[in-house]
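For reference, the structure discussed in these notes is given below.
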Amino acid sequence: MRSILRLAATSVAAASLLLGTLVAPAAASTGSPIDVTSVTVKPSYGGVAIYEKTKYYRITTKAKVGTLDGWADIYGDVYRGSKKVASAVDLGYAYSGGQNLSTYLPAKSSWGRGKFQIKNVRVVYNSKTYKDTNVSGGSFTMKSAIDGKLKYGNVIQVQADGKKKTVKVGVKRYTTTGWKSYAGKKVKIQYKTSSGWKTKKIVKLNSKGKATYKFSSAKRYKYRVVVPKTSTTVGGRSAATPRV
């Protein structure tokens, strides 16, 4: 569809030249016909966690569009800190008959995790590139998911032998190369009382993302695991176990 619209816009501009009725751009020849004021990037589904190789984000661009006699594209680059991870990302387009300033960004898992920002916003119009240096926004965050948000898999098991109880925990995190053990991190083992959830023990996961905690108690409770969030990892809590 975009190619068809581009062809139509080019044809209209060519016809105007032949008829001597070319419409002058609203901006001067030294300025861009499109003034981009802001770029907003939000997850199109599933919050900020990425748990597959590609995750889509919705881009909404706000701009003042002048009179055009052809096609104009808006582009930007994606950075994680000072590192560019994607070039010439589509931020929208406009032509003599209309505009579309809402697009989708396929954010790759290989980019890493953390805060990202769209920079170097520019407009390409009539084979010229116009840099837009006063654009606000364009920031977004990608974090790793924790074991399917702790809703799936054997995240926690509790075994009882009389008063003796054994809690086993196993947590995985989705990395740039797939699901891996959440090694070396601390998680909370909690139990539910009449007044709410209480922390029983904070345990450190081993190199396999696992931990075992043993204790004695005659009382029976429901248990769960709570994983604290970090700047690059989504936190979460598991479903409660049966009363043990």
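Tell me, what HN-Hα J-couplings in whole Hz come from the Karplus equation 6.51 cos²θ - 1.76 cosθ + 1.60 at θ = phi - 60° for each residue of region 215-230, using x for Gly and Pro?
These are the phi-based 3J(HN,Hα) values: 7, 10, 6, 7, 7, 10, 9, 8, 10, 8, 10, 10, 9, x, 7, 10 Hz.
Taking 0.36 nm per intervening residue step and subtracting the Cα-Cα distance, what contour gain separates Lys128 from Ser216 on full extension?
24.3 nm
Are any of the pairs Lys201/Lys222; Lys55/Lys198; Lys55/Lys208 more than 25 Å apart by Cα-Cα distance, and if so, which?
Numbers: Lys201/Lys222 14 Å; Lys55/Lys198 35 Å; Lys55/Lys208 27 Å.
As for pairs spanning more than 25 Å Cα to Cα, those are Lys55/Lys198; Lys55/Lys208.
In whole angstrom, note down how far apart the Cα centers of region 32-92 and region 188-215 are.
42 Å
Using alpha-carbon pairs under 8 Å, 6+ residues apart, how would you state the relative contact order of the chain in percent?
16 percent
Give, as a single signed number, the net charge of other residues whose beta carbon lies under 11 Å from the beta carbon of Asp35, with Lys and Arg counted +1 and Asp and Glu -1.
Computed value for this residue: +1.
So, with +1 on the Cβ of K and R and -1 on the Cβ of D and E, and no other charges, what is the size of the charge dipole of the chain about its Cα centre, to the nearest 20 debye?
Dipole about the Cα centre, nearest 20: 3060 debye.
Hey, can you grab everything whose amide H is under 5 Å from the amide H of Asn126? Only 5+ residues off in sequence or another chain; H modelled, so Pro and N-termini drop out.
Trp71
When the chain is treated as a GNM, springs tying every alpha-carbon pair under 10 Å, which of Arg220, Arg113, Arg80 comes out with the largest mean-square fluctuation?
Arg220
What FRET efficiency comes out for Lys168 versus Lys192 if R0 is 25 angstrom and r is the Cβ-Cβ distance? Round to the nearest 0.05.
Numbers: r = 18 Å, r/R0 = 0.73.
Plugging the Cβ-Cβ distance into 1/(1 + (r/R0)^6) gives 0.85.
Picking from Lys219, Lys115, Lys201, which is most flexible by a Gaussian network model of the chain using Cα springs under 10 Å?
Lys219
Report relative contact order for region 167-210 in percent, whole number only (criteria: Cα-Cα under 8 Å, sequence separation at least 6).
42 percent
Using a Gaussian network model of the chain with C-alpha springs under 10 Å, which one of Ser194, Ser144, Ser216 is most mobile by mean-square fluctuation?
Taking springs between Cα atoms under 10 Å, the residue moving most is Ser194.
If each residue of separation counts as 0.36 nm, what is the full-extension length gain between Lys84 and Asn100 once their alpha-carbon separation is subtracted?
3.2 nm
Values in this text are rule-based calculations from the coordinates and carry no lab data. Keep in mind it's a predicted model, so treat the numbers as computed, not measured. Backbone-built Cβ (ideal geometry, glycine too); neighbour counts: all protein chains shown.
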